[in-house]
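I have placed the structure first, in the form of structure tokens, so that the comments after it can refer back to it.
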Amino acid sequence: MRKITVEMACSINGLIATEDGNEDFLSYRGWEIMLEFLKEYDVLIWGRKTWENILSWGEDYINDLKNINIIILSETSSKQNEFSNVTYCNSIENCLKVCESLKYEKLFISGGATINNAFMEKGIVDNIILNYNPCIK
């Protein structure tokens, strides 16, 4: 039975990224908490913009993810298999089919407002986690 959790990291006043997409206000502790949550899930799902932000944070963050199955949702990206644990999907429907074929039953969505909202609009989300960071942007 599939279980879908959406997690949203944001500032106290609800900002999830600056207008230029910067997320530098997110705490490292929030990252650690997400990694702890991921031990209970089969796959992490992010959008392309979130993934690109994570890649820009440096090698330590990428190393934290090396044993985590990741799906990147992107309608435009043509990148494939840059990391052995990363799969690209072009739609939520495609993502859900990939999860089913790989027997991923516990999905952790933490992929930015567009991805999070898209899953919620489909009415398939079981849990929502709001990860407030102690800052105002």
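Selection of first residues in the stretch 38-57 that are under 19 Å from Leu107 (Cα atoms) and of second residues that are assigned to a loop (DSSP other than H, G, I, E, B) and β-branched (Val, Ile, Thr), restricted to Cβ pairs under 6 Å at least 6 apart or on distinct chains, gives the following pairs, ordered by first then second residue: Leu38/Ile68; Leu44/Ile68.
For (1) assigned to a helix (DSSP H, G or I); (2) within 14 Å of the chain's Cα centre (by Cα), each residue gets a yes or a no:
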{"position": "Arg29", "(1), (2)": "yes, no"}
{"position": "Ile33", "(1), (2)": "yes, yes"}
{"position": "Phe37", "(1), (2)": "yes, yes"}
{"position": "Tyr41", "(1), (2)": "no, yes"}
{"position": "Trp51", "(1), (2)": "yes, yes"}
{"position": "Leu55", "(1), (2)": "yes, yes"}
{"position": "Tyr61", "(1), (2)": "yes, yes"}
{"position": "Lys66", "(1), (2)": "no, no"}
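Applying the criterion of being of a type in the set (S, T, N, Q) and surrounded by fewer than 20 Cβ atoms within 10 Å (Cβ to Cβ) to the residues of the stretch 88-121, the residue that is farthest from the chain's Cα centre (by Cα) is Ser101.
Of the candidates Ile62, Ile54, the single residue that is over 23 Å from Asn117 (Cβ atoms), modelled with pLDDT under 95, surrounded by 12 or more Cβ atoms within 10 Å (Cβ to Cβ) and of a type outside the set (Ser, Thr, Tyr) is Ile62. Considered as a group, the residues in the stretch 107-123 that are in contact with a helix residue (DSSP H, G or I) (Cβ under 8 Å, 6 or more places away or on another chain) and modelled with pLDDT of 90 or more include one that is farthest from Ile54 (Cα to Cα), and that residue is Lys122.
The values are calculated or read from the model by the stated rules, or taken from the named source; none is laboratory data. Note that the coordinates shown come from a computational prediction; the quantities given were computed from them, not determined experimentally. All Cβ positions, even for glycine, are placed from backbone atoms using ideal geometry, and neighbour counts span all protein chains on display.
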